[in-house]
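Here the structure comes first, spelled out in structure tokens, and everything after it is commentary.
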Amino acid sequence: MKRIGMLTSGGDCQALNAAMRGVVKCLTCSGEPVEIYGFLEGYKGLIYGNFRMLTGADFSGILTKGGTILGSSRTPFKLMREPDENGLDKVEAMKQNYYKLRLDCLVILGGNGTHKTANMLREEGLNVVTLPKTIDNDLWGTDMTFGFQSAVNIATDCIDCIHTTAASHGRVFIVEVMGHKVGFLTLNAGMAGGADIILIPEIPYDIKKVVDAINKRSERGSKFTILAVAEGAISKEDAALSKKEYKKKMADYKYPSVSYEIAEKIQKKTGLDVRVTVPGHTQRGGSPCPYDRVFASRLGAQAGRMILNGEYGFMVGYKNREIVKVPLEDVAGKLKMVEPESDIIQEAKLLGISFGD
């Protein structure tokens, strides 16, 4: 009998349930007896032994359900080696709960921080298989993460809706898209939604160039402009600051986010009416799109097959349109970012999109 632990960690997203369902369906369809232990609220469940046994009924009807049936939480990797408020050794506690349940493997679904901890558990001797979850699509070792395409669809729908009111009122609209460090979501949603200006963390912007792009549209007779701005977009001036200088500046930051700073500067320099829209956590919510349902199911099925074959210590990834096994040590601690000279950026510029550079 296979005894499998399962948890979802970090921010939630669409298709977590679909991926878990894929793992379990593969294992149960193999004919080998299996017990599934779901740890609640991410690594917290593994640390404190908060789990429940799951049956086939738990995975029925969840293919289209967003969020995660196990719940999730953020447990920073940098604090994993530090005792909790009661002096509990968190790493040792996770190991002991793994051994108490006599697990054959842990299936862990998450993003960058989650994979750092997963790799640490592998180094501690536990059998681990992971699945790449994040709306940011910033995990190293995979071309795609599940949740990303669903979030792109939602952000694109927001930009689509903004177009009508922007055109009606002749305004400049900024749509702030999720992405603190990486701009894949903003880039794809911006292109899909027909944004005129796209600002992402990897390409620091010059506000003069942004204003020039808006003025050129006005000169050509365009009555409105749409900006897709990543929440982690940064100006060239701020990008040139040291970490200490930037931290000091942000301590006294008067704006709710960078989009409001950009909006104020555009309004002052152009006299145009500027509005900011923040779809926020709606980008993580709702049902997974068909692409993500299929993609997450495929990854889950491959994870199940790896468990049956005793292939541990890998993330199930997607490279060059093929499902691949990526060693966890190659994934942990690395961030996949938009390359400023990549084909998609150059093609976007050919379409007349400004990146403020």
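The radius of gyration of the Cα set in the range 127-196, together with its Dmax, comes out at 14.7, 58 angstrom.
Of the solvent-accessible surface of the range 224-354, computed with a 1.4 Å probe over protein heavy atoms with every protein chain present, carbon and sulfur atoms account for 52 percent.
Within the listed set E41, E341, E124, the residue fluctuating most in the Gaussian network model of the chain (springs between alpha-carbon atoms under 10 angstrom) is E341. Mean-square fluctuations from a GNM of the chain, with a 10 angstrom spring cutoff on Cα atoms, peak among N17, N137, N320 at N320. Between Y312 and K209, the FRET efficiency estimated from the beta carbon spacing at R0 = 56 angstrom works out to 0.70.
For the range 192-271, the spread of Cα positions along the three principal axes, ordered from largest to smallest, is 44, 28, 20 Å. Taking the range 1-28 and a reference point 7 angstrom along Cα→Cβ of A57, the backbone N atoms nearer than 19 Å belong to 21, 24-25, 28. One decimal place: the segment V294-Q346 gains 15.7 nm when fully extended, by the rule 0.36 nm per residue minus the C-alpha distance. Take the range 1-95 with all the other protein chains still there, run a 1.4 Å probe, and you get 44 Å² of accessible area per residue. Here the convex hull built on the C-alpha positions of the range 249-357 has a volume of 216 cubic angstrom per residue.
With a simple spin-label model that places each label point 7 Å from the Cα along the Cα-to-Cβ direction, the separation between A251 and E322 comes to 5.2 nm. What the Cβ-Cβ distance of A93 and R3 gives, at R0 = 22 Å and to the nearest 0.05, is a FRET efficiency of 0.75.
Cut-off 10 angstrom, C-alpha nodes, Gaussian network model of the chain. Which of K254, K25, K244 fluctuates the most? Comparing K254, K25, K244 in the GNM, the peak value goes to K244.
Ligands, DNA and RNA are left out, and with a 1.4 angstrom probe the accessible area of the range 275-325 is 49 Å² per residue. Calculated [222 nm] ellipticity per residue, helices only, for the chain: -12000 deg cm²/dmol; basis is -39500 (n - 2.57) per DSSP H run with n ≥ 4, divided by all residues, nearest 500.
Both radii were evaluated on the Cα set of the range 1-139; the Rg over Rh quotient, with Rh as the Kirkwood radius, amounts to 0.95.
Straight-distance candidates among the lysines for linking to K319, with alpha-carbon spacing under 27 Å and chain neighbours fewer than 8 residues away dropped: K25, K65, K116, K133, K181, K334, K336, K349. Of the accessible area of the range 20-141, computed with a 1.4 Å probe over protein heavy atoms only, carbon and sulfur atoms account for 49 percent. Apolar share of the accessible surface for the range 170-220: 47 percent from carbon plus sulfur atoms, 1.4 Å probe. Computed over the chain, the quotient of the alpha carbon radius of gyration and 2.2 N^0.38 Å is 1.08. Bridges between two residues of the chain, per DSSP, are antiparallel at a rate of about 25%. Straight-line cross-link partners of K2 among the aspartates and glutamates, defined as a Cα under 12 Å from its Cα and at least 8 positions apart when in the same chain: E32, E35, D104. For the range 128-220, GluC sites (Glu not before Pro) are listed when DSSP marks them as loop and at most 13 other Cβ atoms sit within 10 Å of their Cβ; the list is empty. In this structure the range 104-227 gives 32 Å² per residue of accessible area when probed at 1.4 Å with all protein chains present. With each label modelled as a point 7 angstrom along the Cα→C-beta vector, the N86-H281 pair spans 2.7 nm.
The values are calculated or read from the model by the stated rules, or taken from the named source; none is laboratory data. Keep in mind it's a predicted model, so treat the numbers as computed, not measured. Heads up, the Cβs are rebuilt from the backbone with ideal geometry, glycines too, and the neighbour counts pull from every protein chain shown. For the accessible areas, the whole protein counts, side chains as well, though only heavy atoms, and no ligand, DNA or RNA atoms are used. Shrake-Rupley method; radii C 1.70, N 1.55, O 1.52, S 1.80 Å.
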